[in-house]
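Asks: Would you mind keeping the following structure in view while I ask a few things?
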Amino acid sequence: MKKNLWKICVLSMALATFAACEQKEEMDGIKLNKIDALAESCDAIDFDNVTTEGYLSEVYTIRGVGPIMVHNTARNSAGEMGTENRAMLFDTGMPTGDDDDLHADWGKALIIQELGVENEPNDNQWGGEMLLTFPKAMTLQSMNVLDIDTYEDNSWVYLLDAEDKELHKVMLKALGDNSKQTVDLGNTAGVMKLKVVLAGNEGYVGSGAIDDIMFCETPDVVTPPTDVVTGCTRTQGYWKNHADPSKKKYDKTWDAYLNKAFYKSGMTYLQVLKTAPKNGNAYIILAHQFIAAELNVAAGASIPTDVKNAWLAAEAYFKGETTPARAELIAWAELLDKYNNGVVGPGHCD
């Protein structure tokens, strides 16, 4: 909620300066702990290492990876979305303008600068969109969001791939003035773009800020090896029963696949694997064996040339590039089933 401008006297400025010094030491400690806690392939954007003043077009991660392109657009009081970049950083420890509702101990956070205000960090009361574009595919884990008011109840986070296909979305909780929330981004793999839409259902509204975007590098797309015999294989039943991260028997091979979209099915890999092939649905029958084979390869199993050819033919079918007869789909599924059961290939895991 927009409030009156802060009235700061000389004494309070001195106190604020002292507090800021203490806060910087505290934030430095938090940042170091954050790096220590990250896996080698994981990283975060906390905006605290950015020295750019004015509008922001790119950022680097805590580990120095980048540039990650930033482009925020603002909505005006009539609901019209602009095109110019209005991405700006806001010091949550020393609020400016009329944004004391963004007061927090987060250090710097990303906002959409308000239309009609120049050269001053002040979040746009009419909302808009934030867009961060990564240099390569990432697996998004979580981020922090500040000040989603109760009337800003149509605010969303969208995760997109390189072709702008939606991989995951989550609605931000309208928790009220100066509210803080950590948003679970579903450990979604293959993300190239993070889009945040700030809006409400009562007029054109949508102030707020984001910070601490946590992510890991998405493993490269699996290319089945054919020459060297390595690893072992498991059945579709194994993979279906070892896909719950909350259980001890969870197989970490699933990390890059739990929320991964299965081609044009409208479902994730796991959802397809849990779908029964009603009435002998050849698509689902083949998909079950295909997914198990891909997970086996991702887990380190080698794959014979004939099985690889069936796998690639099935992939072309799932992409919509071919229209094979049902008999072909079943034949590919049977060969992949033999591979997954260890009849052909490196053999089944004991």
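Every read-out reported here was derived from the displayed coordinates using simple, explicitly stated rules and does not represent laboratory data. Predicted model only: the values in this text are computed from it and were never measured. Every residue, glycine as well, gets a Cβ built from its backbone with ideal geometry; the counts of neighbours run over all protein chains shown.
Asks: Give me the extension gain from THR322 to GLU84: residue separation times 0.36 nm, minus the current Cα-Cα distance, reported in nm with one decimal.
Replies: Details: separation 238, 0.36 × 238 = 85.68 nm, distance 4.21 nm.
Difference between extended and current length: 81.5 nm.
Asks: Between THR133 and ASP153, what FRET efficiency comes out of the Förster formula 1/(1 + (r/R0)^6) with R0 = 30 Å and r the beta carbon distance, rounded to 0.05?
Replies: Rounded to the nearest 0.05, the efficiency is 0.65.
Asks: Below 8 Å between Cα atoms, with a sequence gap of 6+, how large is the relative contact order for the chain in percent?
Replies: Across the chain, relative contact order equals 14 percent.
Asks: Continuing with the same structure: For LYS136, go through the aspartates and glutamates and keep the ones whose alpha-carbon is under 17 Å away, minus same-chain ones fewer than eight residues off.
Replies: By straight Cα distance, LYS136 reaches GLU40, ASP43, GLU58, ASP161, GLU163, ASP164, GLU166, GLU217, ASP220.
Asks: By how many degrees, between 0 and 90 and to the nearest 10, does the Cα long axis of helix 282-298 differ from the longest principal axis of the chain?
Replies: Approximately 70 degrees, to the nearest 10.
Asks: Turning to a different aspect of this structure: Give me the angle, in degrees from 0 to 90, between the Cα long axis of helix 10-37 and the longest principal axis of the Cα atoms of the chain, rounded to the nearest 10.
Replies: The answer is roughly 10 degrees.
Asks: Report, ordered by chain and residue number, the aspartates and glutamates lying within cross-link reach of LYS240, taken as a straight Cα distance under 12 Å and ignoring same-chain residues fewer than 8 apart.
Replies: Qualifying aspartates and glutamates at Cα under 12 Å: ASP251.
Asks: Find out how many positive minus negative residues lie around TYR158, taking Lys and Arg as positive, Asp and Glu as negative, among other residues whose Cβ is under 10 Å from that of TYR158.
Replies: Counting the neighbours of TYR158, the net charge comes to 0.
Asks: Where does each of LYS108, LYS252, LYS165 land when they are ranked from fewest to most other beta-carbon atoms within 10 angstrom?
Replies: Ordered by Cβ neighbours within 10 Å, fewest first: LYS252, LYS165, LYS108.
Asks: Now a separate question. If we count other beta carbons within 10 Å of each Cβ, what is the order of TYR204, TYR339, TYR257, fewest first?
Replies: Ascending Cβ contact count within 10 Å gives the list TYR204, TYR257, TYR339.
Asks: Could I ask something else about it? Under a plain spin-label model, where a point goes 7 Å from the Cα along Cα-to-Cβ, how far apart in nm are ASN49 and ASP306?
Replies: 5.2 nm
Asks: Right, next: Put a dot 7 Å past each Cα toward the Cβ at THR182 and SER57; how far apart are the dots in nm?
Replies: About 3.5 nm, to one decimal.
Asks: Which net charge results for the neighbourhood of ASN124, defined as the other residues with beta-carbon distances under 10 angstrom from its beta-carbon, given Lys and Arg at +1 and Asp and Glu at -1?
Replies: 0
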